[in-house]
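Visitor: Let me give you the structure first, and then I'll get to my questions.
The values are calculated or read from the model by the stated rules, or taken from the named source; none is laboratory data. Fair warning: this is a prediction, and the values are worked out from it, not measured in the lab. Cβ placement follows ideal geometry from the backbone for every residue including glycine, while neighbour counts extend to all protein chains displayed. Surface accessibility is based on the protein's heavy atoms, side chains included, excluding ligands, DNA and RNA. Shrake-Rupley method; radii C 1.70, N 1.55, O 1.52, S 1.80 Å.
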Amino acid sequence: MYKRQELDPEDVMTWLQTGPLLVLAGDLEGYRHHCREMLRQFGDSDERPTIIVKACLLLPGTVDASGLPINTLARALDEGSAPTWLYKWGFAALAQAAYRAGDAEKAVGWIHKCQEAQGYADAPAVQALVLSLLAMAQHQLGNRDEASEALVQADTLVDEHLRKLASGEFKGWHDWLIAEVLRREATELIARPAKEPTPEAKATANPKTE
């Protein structure tokens, strides 16, 4: 398969752009290998931690999260040393990491920080990405109405903007493909029928009184 990073293996952006293409093409093993190689090349540096985190967490269980620069990113945002434009993307990446770690409540908290960050209102790609994450996190928390509402908003943004890809002049196309990957996961997750509680769970929720 054609690998974009072979053109410039030291450019982290080419690695970011390749990831969602592999996922959407159905080459999941290729994507996992791609992430492992990306970590091997960039994991020991502090360069663009936001890119590394969001690129390697498009799918669950792809890489060992301990190898991702999550703490580096969180520290930069906490210290206020990141450029202003990066905060919305950084908080979105931390939300993605928290959700993949199984902490939906923490993911929602990072999403709210992203939505409050400067420039969020003018960044529809960030909005689509975090709304897809919000749908999954709220679903995990059992907030089905909030999950469905977030997914509808993500649907509207992605459907509207992905149509522009055909023009060949669509900037930030990789971020929209990332949003599409997450939106598809959210759609599949929310569409699954709710599991029927076990008799033991029902008894716990509704204890008999004498």
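Visitor: Among (1) within 18 Å of M13 (Cβ to Cβ); (2) open to solvent by less than 10 Å² (accessible area, probe 1.4 Å); (3) out of contact with any Ser or Thr (no Cβ under 7 Å at 6 or more places or on another chain), there is one condition A82 misses while meeting the rest; what is its number?
Guide: (2)
Visitor: Still on this structure: Could you tell me which of the residues R48, R32, R4 is of a type in the set (D, E, K, R), over 18 Å from A125 (Cβ atoms), open to solvent by 10 Å² or more (accessible area, probe 1.4 Å) and at pLDDT below 95?
Guide: Among R48, R32, R4, only R4 is of a type in the set (D, E, K, R), over 18 Å from A125 (Cβ atoms), open to solvent by 10 Å² or more (accessible area, probe 1.4 Å) and at pLDDT below 95.
Visitor: Might you let me know whether the stretch 68-89 holds any residue that is touching a helix residue (DSSP H, G or I) at 6+ places or on another chain (Cβ under 6 Å), more than 14 Å from V130 (Cβ to Cβ) and without any contact (Cβ under 8 Å) to a residue 12 or more places away in the chain?
Guide: yes
Visitor: Is it the case that K106 is within 25 Å of T187 (Cα to Cα), surrounded by fewer than 18 Cβ atoms within 10 Å (Cβ to Cβ) and modelled with pLDDT of 95 or more?
Guide: yes
Visitor: In this structure, does G43 turn out to be surrounded by fewer than 22 Cβ atoms within 10 Å (Cβ to Cβ), small (G, A, S) and at pLDDT 90 or above?
Guide: When the stated conditions are applied, G43 does not pass them.
Visitor: How about the stretch 150-197: which of its residues are basic (K, R), in contact with a Ser or Thr (Cβ under 9 Å, 6 or more places away or on another chain) and either at pLDDT below 75 or open to solvent by 40 Å² or more (accessible area, probe 1.4 Å) (or both)?
Guide: R184
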